[in-house]
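Structure first, commentary second.
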Amino acid sequence: MGFAVTDQFEIVFDTIETSRKAQNLRKNPEIALVIGGWISGDERTVQYEGKADEPWGTELERVKQVYYSVYPDGPMRASWPGLIYIRVKPKWLRYSDYNKDPAEIVECKAEDLVR
């Protein structure tokens, strides 16, 4: 799943409204993600807990611009029937870097992430 991250550590992605993830998040917007593992042997991850929503109005335009900055082909998909944008607001996250010795582990709550 491709996603972008805002300056407020919100995760933004697009999906089709009939997808399992969209249907499940509409029933229960609480979400947990583990992000990492892009390169073999890289021992860095982010554990992320948050609450998903479907922004609208100016908030939708704001998060779409963030998403499009990472995925320039995003506007081409905007005409797909049923395409929606999901934003996840962080509640808690933990960054772990086991490439270092000793390992670096940083844990944050939502209020710690406010800039």
At 7 Å along Cα-to-Cβ for each site, give me the label-to-label distance between residue 42 and residue 80 in nm. 2.4 nm
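Per residue, how large is the accessible surface of the chain? Use a 1.4 angstrom probe and give square angstrom. Please list the in-between numbers first.
On the way: 7500 Å² over 115 residues.
Result: 65 Å² per residue.
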Counting only protein heavy atoms, what percent of the accessible surface of the chain is carbon or sulfur at a 1.4 Å probe? 54 percent
Per 5 Å bin, what is the whole-percent P(r) computed from every C-alpha pair distance within the chain? 2, 11, 19, 21, 20, 14, 8, 4, 1, 0
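Rule-of-thumb check for the stretch 5-67: C-alpha Rg over 2.2 N^0.38 Å? Present the calculation step by step, with values, prior to reporting the outcome.
On the way: Rg = 13.5 Å, N = 63, 2.2 N^0.38 = 10.6 Å.
Dividing the Cα radius of gyration by 2.2 N^0.38 Å gives 1.27.
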By average C-beta atoms within 10 angstrom, highest first, the peptides 39-45, 83-89, 21-27: 83-89, 21-27, 39-45
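Per 0.36 nm of contour for each residue apart, how much would the distance between residue 56 and residue 34 grow if the chain were fully extended, relative to their Cα-Cα spacing? Walk me through the intermediate numbers first.
Values: separation 22, 0.36 × 22 = 7.92 nm, distance 2.64 nm.
Extra length from residue 56 to residue 34 when fully extended: 5.3 nm.
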Over the heavy atoms of residue 101, what accessible area does a 1.4 Å probe trace out, to the nearest 10 Å²? 150 Å²
Pairs on different chains or at least eight residues apart, Cα atoms closer than 25 Å: how many lysine pairs in the chain fit? 20
Taking +1 at the Cβ of each Lys and Arg and -1 at the Cβ of each Asp and Glu, which of 58, 69, 38 sits farthest along the dipole of the chain towards its positive end, judged by Cα position relative to the Cα centre? 58
Can you find, among 24, 86, 2, the residue sitting farthest towards the positive end of the charge dipole of the chain, where Lys and Arg contribute +1 and Asp and Glu -1 at Cβ? 24
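Report, in debye and to the nearest 20, how large the dipole of the chain comes out about its Cα centre when Lys and Arg carry +1 and Asp and Glu carry -1 on their Cβ.
Working: 16 positive and 19 negative charges, 83 e Å.
Dipole of the chain, to the nearest 20 debye: 400 debye.
If you stretched the chain out fully between residue 109 and residue 20, how much longer would it get, using 0.36 nm times the residue separation minus the C-alpha to C-alpha distance?
Details: separation 89, 0.36 × 89 = 32.04 nm, distance 2.80 nm.
Gain on extension, residue 109 to residue 20, equals 29.2 nm.
The values are calculated or read from the model by the stated rules, or taken from the named source; none is laboratory data. Small disclaimer: the values here were computed from a predicted structure and weren't measured. Glycine gets a Cβ as well: all are built from the backbone with ideal geometry, and neighbour counts include every protein chain shown. The accessibility values were calculated without ligands, DNA or RNA, using every heavy atom of the protein model including side chains. Shrake-Rupley method; radii C 1.70, N 1.55, O 1.52, S 1.80 Å.
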